[in-house]
Amino acid sequence: MIGLPLWVKYQQRVYLYYIISSPSKRNSSFEILLEGKNCKIYLDAEELWVESTQSGPACFDVALIQLIGKAINSHFHIKKHHYN
């Protein structure tokens, strides 16, 4: 589902990203291409957007991931209570 690049401004720098897999009604997580790396983002138990770190430490700053999560949330209107 890669389309036009989306962007967020964080710490006076513009970060471009592409949505690879968007959130759905069954799953709030989504995957993006950010800085040439695939990054899976999900909504945790505290309703914060976090990067999935199955293969070691997080690649990106937590605040940047939360900013991207909020941007995606505003487009897809994701709500935690819809998911199991």
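Using a Förster distance of 30 Å, how high is the FRET efficiency between residue 4 and residue 46, based on the Cβ-Cβ distance and rounded to 0.05?
0.40
Between residue 53 and residue 11, what is 0.36 nm times their sequence separation minus the Cα-Cα distance? Round to one decimal in nm. Let's see the in-between values first.
Numbers: separation 42, 0.36 × 42 = 15.12 nm, distance 2.28 nm.
That works out to 12.8 nm of additional length.
7 Å from Cα along Cα→Cβ at both residue 22 and residue 38: what's the point-to-point distance in nm?
2.0 nm
A short reminder: the numbers here are calculations on the coordinates, not readings from a lab. On a predicted model such as this, the values are computed, not experimentally measured, just so you know. We place every Cβ from the backbone using ideal geometry, glycine too, and count neighbours over all the protein chains shown.
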